[in-house]
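Chemist: Please see the structure below; I have some questions.
What follows is calculated from the coordinates using simple rules that are stated; it is not laboratory data. Treat the numbers as computed from the prediction; the structure is a model and nothing was measured. As a convention, Cβ positions derive from the backbone with ideal geometry for all residues, glycine included, and neighbour counts pool all protein chains shown.
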Amino acid sequence: MSPTLEHGDWLLAVSACRLRPRVGRIVVFREPRAGGRRSIKRIVARERNGWFVLGDQPARSTDSRAFGAIPDEAIEAVVLCRYGPLRRLAWLLA
């Protein structure tokens, strides 16, 4: 599978307070074990402890397999669309 996002893409995201995270959506969150570093991944499952996220290229991605489920309070935003560069304009909301 080719990645949905590439380095340099411009994204439009809304607060997780306004648009709830759910399976299939791409979210911006603070990684629990990386000093709060922001990351962007796709939600693939809801677990008892939070959300399980994976990168679109799992063989090359650091995701929930490495740092575990993401708690609700760590999710900051849900990505709506990629608006730049214009040739890659796309809605990303699942």
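Chemist: Say R0 is 41 Å: what FRET efficiency, to the nearest 0.05, do LEU89 and ALA59 get from their beta-carbon distance? Each step should come with its number before you reach the end.
Modeler: Details: r = 28 Å, r/R0 = 0.68.
E between LEU89 and ALA59, to the nearest 0.05, is 0.90.
Chemist: Using alpha carbon coordinates only, what is the Rg to Rh ratio of the range 10-91, with Rh defined as the Kirkwood radius? Display every interim value, and only then the final one.
Modeler: On the way: Rg = 12.5 Å, Rh = 12.9 Å.
My calculation puts Rg/Rh at 0.97.
Chemist: Taking springs between alpha-carbon atoms closer than 10 angstrom, which of PRO21, PRO71, PRO58 fluctuates most in the Gaussian network model of the chain?
Modeler: Largest GNM mean-square fluctuation: PRO58.
Chemist: Subtract the Cα-Cα distance of CYS81 and ARG46 from 0.36 nm times their separation in residues, and report this length gain in nm to one decimal.
Modeler: On the way: separation 35, 0.36 × 35 = 12.60 nm, distance 2.24 nm.
So the extension gain works out to 10.4 nm.
Chemist: At a threshold of 8 angstrom on Cα-Cα distance, excluding pairs fewer than six apart, so keeping six or more, what relative contact order does the chain reach in percent? Numbers along the way, then the final one.
Modeler: On the way: 186 pairs, mean separation 33.3, N = 94.
Across the chain, relative contact order equals 35 percent.
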